[in-house]
1. Looking only at region 323-371, count every residue that is more than 21 Å from LEU289 (Cα to Cα) and basic (Lys, Arg) and tell me the total.
2. Can you run down the residue pairs with Cβ atoms below 7 Å, 6 or more apart or on separate chains, where the first is in region 65-76 and on the phi < 0 side of the Ramachandran plot and of a type outside the set (A, V, I, L, M) and the partner is open to solvent by 60 Å² or more (accessible area, probe 1.4 Å) and part of a loop (DSSP other than H, G, I, E, B)?
3. Filter region 328-371 for residues that are more than 27 Å from GLN241 (Cβ to Cβ) and of a type in the set (Lys, Arg) and give the result.
4. Pull out all pairs, ordered by first then second residue, where Cβ-Cβ is under 6 Å, the residues are six or more apart or on different chains, the first lies in region 100-118 and is within 15 Å of ARG151 (Cα to Cα), and the second is of a type in the set (Ser, Thr, Tyr) and surrounded by fewer than 23 Cβ atoms within 10 Å (Cβ to Cβ).
5. Between a residue in region 207-225 that is under 22 Å from TRP265 (Cβ atoms) and of a type in the set (Asp, Glu) and any residue that is modelled with pLDDT of 95 or more and not in a helix (DSSP H, G or I), which pairs come within a Cβ distance under 7 Å, given they are 6 or more apart or on different chains?
6. Which of the residues belonging to region 316-339 are open to solvent by 20 Å² or more (accessible area, probe 1.4 Å) and within 16 Å of VAL161 (Cα to Cα)?
7. What do you reckon, is SER119 among the small types (Gly, Ala, Ser), in contact with a Gly (Cβ under 7 Å, 6 or more places away or on another chain) and assigned to a loop (DSSP other than H, G, I, E, B)?
8. Return a yes/no flag: does region 283-295 have any residue that is in contact with a helix residue (DSSP H, G or I) (Cβ under 6 Å, 6 or more places away or on another chain), modelled with pLDDT under 95 and surrounded by fewer than 21 Cβ atoms within 10 Å (Cβ to Cβ).
Amino acid sequence: MSDSNRRQFLHSLAAVGAIGWCESPIGPAAAAERTASEEGVFDLGSFGLESGIVLPNARIAYKTHGRLNADKSNVILYPTQIGAQHGDIEWPIGPGKALDTDRYFIVVLDQLGNGLSSSPNNSPPPYDRARFPTISIRDDVAAQHRVATERFGIARIALVVGYSMGAQQTYQWAASHPTMVERIAPFCGTAKTTAHNAVFLQGLRAALTADAAWMGGDYGEQPVLGMRAFSRVYAGWGLSQPFYKRELWRQMGFDSLADFLTGFWEKRYGCRDANNLLSMIRTWELNDLGATPGLGGNLEHALGAIQAKATIMAGQTDLYFTVEDMKAEAAYVPRGRFRVIPSLWGHMAGSGLNPADSKFIEREIKALLAI
């Protein structure tokens, strides 16, 4: 991609708040948004995990937007997804947007394992690197619940919203705290990881760890070849066949397919830590809402116990969180509405990169918040 095309693409993303991962926000709009937000880290202390391991000196990072009103009734929680950190998913946040900072107090919550919250790359022995313990989606939500209640004194949540792994956490919030959560909007993510989805994840893991520089997770420098392979595998799953056939990557300012694979996919994940990515893959692979304590070990029962109003959105051409799988789950949510994002952008329909998809998602979220 030429430098001018690259700059044009970054400015177009800045306009909708969808800066690429590891890119810096640019322009006056981004500067104004920074003044209306606050970043923080909440100390969890000795944090007991679902596995039985106690993670010492655990912490969870977050970023807030907007202001908490007097009765604390305007709260929106927005957890991150695999590879993302809180600054990477701000495209629906801002005045007049779906997550309207003039009306709501939005808390973007960093998953355990994402490099800002407790993760393989920032935890001391004996839980450093590949020895970092298995994290469940319920562990993520338990940590987030402490931020909401202990840091901000929140008792009611107007909306939990999330994309991909963020959708998994959104479902878990509704199941674990049914009387606390008023609405949920999970998009491009299922309540349980399917067998086909797990095959995709195993492919990512195999590609990354095949690099000799991986060294069982005790690498001195990032396993570059493994990260490149990881990114190339993801590129084939993250976007649809029509996306590539129609060369829609040209809309993002790339001049060739090779340029797109290198300039977008490799940069998207190449700036992350390999152990962190593998930790989140494990969390994703094990996700099962039906395993929530007290819900009988049954996915359908767990979905049926959700009390929140829900808008559940699937990407029309998503290759691993498929319309069929998401629709089947949504049918069990008593107050759920199911919507299909009419997009050729595959799983990335929920990423904020394509303006038409983003408008669809924002419109549905605004409609949910209005009821």
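1. Total meeting the criteria: 3.
2. SER73/ARG156; ASN74/ARG103
3. ARG335, ARG337, LYS366
4. Listed pairs, sorted by first residue: VAL107/THR64.
5. Short answer, once both residue conditions are applied: ASP211/PRO223.
6. ARG335, GLY336, ARG337, PHE338, ARG339
7. yes
8. There is at least one residue in region 283-295 that is in contact with a helix residue (DSSP H, G or I) (Cβ under 6 Å, 6 or more places away or on another chain), modelled with pLDDT under 95 and surrounded by fewer than 21 Cβ atoms within 10 Å (Cβ to Cβ).
The values are calculated or read from the model by the stated rules, or taken from the named source; none is laboratory data. Just so you know, these numbers come straight off a predicted model, no measurement behind them. A quick note on method: Cβ atoms are made from the backbone with ideal geometry, for glycine too, and the neighbour counts reach across all protein chains shown. Calculation scope for accessible area: heavy atoms of the full protein, side chains included, ligands and nucleic acids excluded. Shrake-Rupley method; radii C 1.70, N 1.55, O 1.52, S 1.80 Å.
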